[in-house]
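The values are calculated or read from the model by the stated rules, or taken from the named source; none is laboratory data. What you see is a predicted model, and the numbers here were worked out from it, not measured in a lab. Heads up, the Cβs are rebuilt from the backbone with ideal geometry, glycines too, and the neighbour counts pull from every protein chain shown.
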Amino acid sequence: MNNKIKLAVAGAVLASASVANAGITWDAGDWTVDMNGNVNAFAVFNDNNDSSTAIAGGLATTSSGDNDSNSTAIQTGLLPSWLGFTATTRQNDIDTSVTISFQPNGGGGNSALAGGGGTENRQAFLTFGDKSWGSVKVGKDLGIFASTAILNDMTLLGVGSTGLGTYANGSASTAAGKTTTLGGIGSGYLYADWKGQIAYTTPNMNGFSATVGITQPWNATASSALSDASAGSSDEFAYELQASYSWTGDFAGKAWVGGFSQEVTGVGAAASGVDTNANAFEAGINASVMNIGLTAYAYSGEGVGTTGMLRDGFDANSKKRDSDGGYVQATYVIPMGTKLGVSYGISKLDNNTADNSSTSTMVSENTRITVGAYHPLTKHLNLVAEYSQIESEAMGSTIADLETDVFSVGAILFF
């Protein structure tokens, strides 16, 4: 496979060794152009419990007042449908590349005349370097912190949590109309997201490599008035890093650690806003032996919130909330080639003094368990079936927990 970053194909390799590992390439003068991507879509069934009280920041969906209400959708999974172009060349002893990609919605909205859903543009970056001294990336791409956590998530080829069912100011929604699902985002790891960045990656030194960079700083945001919805932005870049060690053999694997730090200025009302830092740390390991794959991951942070970076990281008094979580995952490839997997993830958000109310609907915990089957019908095409149960718990003791069962079946094709 062309060694330039192609996240769609990278995700496929994590879930099935039989997936094709090259795009469509051709030469154009001094350049080699690689066109690559995937198309996927799933029939998704959401079965919600009978509570109509929304949990702000919860990933389980309310019933909107109807007992055992359900929702259905045809939609893209965690990995968006993808069309990417990478052009590479070597000049003056420097390897240079440019990557641009497009992510159309493989499903659509849930109303007529909606135009078939939206389209995203997640990548636009260049790289330059040499294997002797490393490489530099400039532009928009997947963030550094938590990137390996999502690339090892087995639901990358499926659906996982449909997510964000009560995230927009506590309002409920159905599964339809979203560009992607959440997989294990918010129930095991924070979203690495797609960020403008300038990053340096070391050369591979006997299995060890590291990436460090400055990235676009996020605003601190909130999912309800129970958080500080007026949190300010940063006047400094965010700083992200990740270091890893990979090994081969009968017991092959990769271990990694990472960090994130960003100053957040003016958190709170203008008259009382404070300056502070949001920080996070992560560690994970992925290993395989024979037909078994194992992954374990954990993170911890202050002010980084849950699900999305800096989402719900501060309370109404502008104080940082602590958060932590992680996931464990096991997969096994049976003789016919089908990969079977089970994954459990949890993301916690600690309550502060401002949150100590028995009626607080701010999320305290999102948990998820997913079981899935990923069958390579051809070296390019995978059939996928998953079941996920997502539970959301509020900080208030009188607020009922929410639960959503998600069933999905579909297909994903890589090229």
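Summary of computed values
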{"quantity": "Residue within region 356-376 that is more than 30 Å from N317 (Cα to Cα), at pLDDT 90 or above, of a type in the set (S, T, N, Q) and in contact with a Pro (Cβ under 6 Å, 6 or more places away or on another chain) present", "calculated": "no"}
{"quantity": "Tabulated pairs, region 85-108, first touching a residue at least 24 places away in the same chain (Cβ under 8 Å) and more than 14 Å from V138 (Cβ to Cβ), second of a type in the set (K, R) and not in a loop (DSSP other than H, G, I, E, B), C-beta under 9 angstrom, 6+ apart or interchain", "calculated": "S101/R122; Q103/R122"}
{"quantity": "Candidate set: region 61-89, residues that are more than 23 Å from G106 (Cα to Cα) and at pLDDT 85 or above; chosen: the one farthest from the chain's Cα centre (by Cα)", "calculated": "T89"}
{"quantity": "In region 294-316, residue farthest from E386 (Cα to Cα) [restricted to those that are surrounded by fewer than 23 Cβ atoms within 10 Å (Cβ to Cβ) and at pLDDT 95 or above]", "calculated": "E302"}
{"quantity": "Selected residue (only one of K319, K339 is at pLDDT 95 or above and among the basic types (K, R))", "calculated": "K339"}
{"quantity": "Enumeration of residues in region 392-404 that are surrounded by fewer than 24 Cβ atoms within 10 Å (Cβ to Cβ) and either small (G, A, S) or modelled with pLDDT of 95 or more (or both)", "calculated": "G396, S397, A400"}
{"quantity": "Any hit, region 246-255, residues being modelled with pLDDT of 85 or more and buried (at least 19 other Cβ atoms within 10 Å of the Cβ)", "calculated": "no"}
{"quantity": "Looking only at region 343-357, and only at residues there that are touching a Gly at 6+ places or on another chain (Cβ under 8 Å) and of a type in the set (A, V, I, L, M), the one that is surrounded by the fewest Cβ atoms within 10 Å (Cβ to Cβ)", "calculated": "I346"}
{"quantity": "Residue match in region 259-275 (condition: assigned to a strand (DSSP E or B), among the aliphatic types (A, V, I, L, M) and surrounded by fewer than 23 Cβ atoms within 10 Å (Cβ to Cβ))", "calculated": "yes"}
{"quantity": "Tabulated pairs, region 336-360, first farther than 15 Å from G158 by Cβ, second surrounded by fewer than 16 Cβ atoms within 10 Å (Cβ to Cβ) and modelled with pLDDT under 95, C-beta under 8 angstrom, 6+ apart or interchain", "calculated": "N352/N317; T353/N317; A354/N317; S358/S397; S358/T398; T359/T398"}
{"quantity": "Single match in G341, G372, G284 (criterion: touching an Asp or Glu at 6+ places or on another chain (Cβ under 6 Å), assigned to a strand (DSSP E or B) and farther than 25 Å from I55 by Cα)", "calculated": "G372"}
{"quantity": "Residues located in region 301-328, provided they are under 16 Å from the mean Cα position of the chain (by Cα), in a strand (DSSP E or B) and within 15 Å of L349 (Cβ to Cβ)", "calculated": "G305, R311, D324, G325, G326"}
{"quantity": "Region 363-380, residues that are surrounded by fewer than 16 Cβ atoms within 10 Å (Cβ to Cβ), farther than 13 Å from G184 by Cα and touching a strand residue (DSSP E or B) at 6+ places or on another chain (Cβ under 8 Å)", "calculated": "L377, H380"}
{"quantity": "Checklist (1) aliphatic (A, V, I, L, M); (2) modelled with pLDDT under 85; (3) buried (at least 24 other Cβ atoms within 10 Å of the Cβ) applied to V159, failing item", "calculated": "(2)"}
